[in-house]
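Beneath this line is the structure, given in structure tokens, with notes to follow.
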Amino acid sequence: MLLIGLLAGTLAGVIDLAVDWMTDLKEGVCLSAFWYSHEQCCWTSNETTFEDRDKCPLWQKWSELLVNQSEGASAYILNYLMYILWALLFAFLAVSLVRVFAPYACGSGIPEIKTILSGFIIRGYLGKWTLLIKTVTLVLVVSSGLSLGKEGPLVHVACCCGNFFSSLFSKYSKNEGKRREVLSAAAAAGVSVAFGAPIGGVLFSLEEVSYYFPLKTLWRSFFAALVAAFTLRSINPFGNSRLVLFYVEYHTPWYMAELFPFILLGVFGGLWGTLFIRSNIAWCRRRKTTKLGKYPVLEVIVVTAVTAIIAYPNPYTRRSTSELISELFNDCGALESSQLCDYINDPNMTRPVDDIPDRPAGVGVYTAMWQLALALIFKIVITIFTFGMKLYAMVGAAACLGGVTRMTVSLVVIMFELTGGLEYIVPLMAAAVTSKWVADAFGKEGIYEAHIHLNGYPFLDVKDEFTHRTLATDVMRPRRGEPPLSVLTQDSMTVEDVETLIKDTDYNGFPVVVSRDSERLIGFAQRRELILAIKNARQRQEGIVSNSIMYFTEEPPELPANSPHPLKLRRVLNLSPFTVTDHTPMETVVDIFRKLGLRQCLVTRSGRLLGIITKKDVLRHMAQMANQDPESIMFN
């Protein structure tokens, strides 16, 4: 847990620093040290004034550097072109790296993490290459200005760290259940550094990603999230001694009358969540079923170009999303230079500027309002095509995110950890709950579940209730009229028989019985382990040939004198596979699959093997019970 927290925190800090620099690189460069961002460059300058705090001689826009002009149409056009070119370069590099080196590094990763934590194995999804490429491309993609956040991908990055460290310890590498507990804690560390919210991270893992969350995992998650947050705070990527760029201190209390607009924000969030999920899934389905999906590089380049061309003229969409949120969250103080704080001051006033609640709005506020309205429309449309989550302003942010993901408890905690706005817990709760209710009225699926179904992952949602009175015998395979179950016998099959069975079928494993006549269950052998064991035996053991007898018992069977050397495979046999009787209610079976993250379970009667139930069989049965076509459920 310590190692996962340290690595996740370090990677998050490096990503934040790199994004900060590369986002500013699209607009200009620092002459004293090109690796400084705009803000860092002007920190060291003695020639900045309060009014023009963003302007210093050391920081030059591309027009100043290339043609020595800072104002005028030609300078604007040149800066515009450089902005688009940098954005396209970053996006092209990102998509190329993902395609060539780590195809699994694409997307947010949370739907797949949820599927893995439910007991399904996606090989290579949490590998070292995925970790490396995801970290690099995350910087490039966020810097390119695409409407994507680093929050979801940071959960994937942290889970890759968890998987890497699990593989170093045999206690976790050889036990999928224990490894999944580590991944649950790693997900908490990922949210902790993404939002600067350690407790919110633990609750996110509990509410949103984990299938099974025992008390020890809660403590591990808490520790990993704490270490990750501490590491990020030590790196201090934003230079404000905070874990996030947009830390807020709300001092003004809210009034009861304001609860109505807060609830309205919740309604908007729920409606936006529904619109986003439906539009995004329709677009992704189109991508999968048409030629569009065959040209991912072209698609990324086009979306980036459109984003950059439309985003540059509006100052609110030109800057990085974190900076935009930071400005929207800030209180209007005497030192604030934002257009949003352009209120008219009466010079004869004796009270301090901060203390005047009803000053008339200046020109800047009206300009900012229509620019923000355009920014909202642009972000809504472009985010549907890029899929990522962004926050708009504190209560509105909770409402939108609640409508999209259907989180409630962890979302409220993340929001008040993110902003320090403890005063606003009740409005946040009201907005989050309202958005969930409104969005649930149009469909129960959050964005992650929708993508899980779109991608065809076998995922049993913990939130779905199964209330039908069917039995295990109604669901198990083989059914009447189907060929018998493919099984191995304990001491009567040859190596060639087993190799033929493996070649002719694509099952993940085979039950082992005493004999075909008795069908008494001994255990279960995984396909992968059988293949490896036979391969190693043929290479390393003398006398193992195609007609060698394979046995799963302690003692070898009695064989004729001239028969080849037998092959003992007891070590690959699981002697305690999960079994249920044919009269076990399906409600119990579904519960077992959910809580233990099973992939299959065997059905017996008085020790005799009758059939097998896989997770896919359970999902098809649940679809059938909900009056859907069971064959319509596609699995990848």
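The values are calculated or read from the model by the stated rules, or taken from the named source; none is laboratory data. Only a predicted model underlies this, so the values are computations on that prediction, with no experimental measurement involved. Heads up, the Cβs are rebuilt from the backbone with ideal geometry, glycines too, and the neighbour counts pull from every protein chain shown. For the accessible areas, the whole protein counts, side chains as well, though only heavy atoms, and no ligand, DNA or RNA atoms are used. Shrake-Rupley method; radii C 1.70, N 1.55, O 1.52, S 1.80 Å.
Here are the numbers:
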| read-out | value |
| --- | --- |
| Relative packing of 604-614, 539-549, which averages over residues the other C-beta atoms within 10 Å, highest first | 604-614, 539-549 |
| Net charge over other residues, Cβ less than 14 angstrom from the Cβ of ALA282 (K, R count +1; D, E count -1) | +4 |
| Cross-link pairs beyond the 24 Å C-alpha cut-off, checked among LYS171/LYS595; LYS216/LYS616; LYS150/LYS463; LYS174/LYS463; LYS178/LYS615 | LYS216/LYS616; LYS150/LYS463; LYS174/LYS463 |
| Net charge contributed by nearby residues that have their C-beta within less than 10 Å of THR553 (K/R +1, D/E -1) | -1 |
| Listed peptides 133-141, 315-323 by packing density, highest first (mean Cβ within 10 Å) | 133-141, 315-323 |
| Read-out Rg and Dmax of the Cα atoms in Å, derived from the coordinates shown; its label in (1) 29.2, 114; (2) 62.9, 176; (3) 36.2, 117 | (1) |
| Carbon plus sulfur fraction of accessible area for region 531-623, probe 1.4 Å, in percent | 51 percent |
| Test item: Cα-centred dipole of region 466-509, Lys/Arg +1 and Asp/Glu -1 on Cβ, debye | 460 debye |
| Modelled FRET efficiency - R0 45 Å, GLU555 with HIS453, Cβ distances, 0.05 increments | 0.35 |
| Accessible area of region 1-127 belonging to carbon and sulfur atoms, whole % at 1.4 Å probe | 65 percent |
| Within-14-Å neighbourhood charge of LEU602 [Cβ basis; K, R +1; D, E -1] | +3 |
| Computed helical MRE - 222 nm, the chain, DSSP H runs ≥ 4 contributing -39500 (n - 2.57), nearest 500 | -17000 deg cm²/dmol |
| ³J(HN,Hα), Karplus 6.51/-1.76/1.60, whole Hz, each residue of region 104-121, x for Gly, Pro | 6, 7, 7, x, 6, x, 5, x, 5, 4, 4, 5, 5, 5, 8, x, 8, 9 |
| Positive-end residue, the chain charge dipole about Cα centroid, Cβ charges, pick of PRO261, PRO564, ILE612 | PRO564 |
| For THR581, distant residues with modelled amide H under 5 Å away | THR604 |
| Dipole in debye (nearest 20) - region 85-206, about Cα centre, beta carbon charges: Lys, Arg +1; Asp, Glu -1 | 340 debye |
| Distance between modelled label sites at LEU31 and ASN330, nm, 7 Å Cα→Cβ extension | 2.6 nm |
| Net charge dipole size for the chain [Lys, Arg +1 and Asp, Glu -1 on Cβ; Debye, nearest 20] | 2300 debye |
| Accessible area (Å², per residue) of the chain, counting only protein heavy atoms and a probe of 1.4 Å | 49 Å² |
| Long-range HN-HN contacts of MET550 with modeled amide H, under 5 Å | MET493, THR494, VAL495, LEU567 |
| Rounded percent of accessible protein surface that carbon and sulfur make up, region 259-317, 1.4 Å probe | 75 percent |
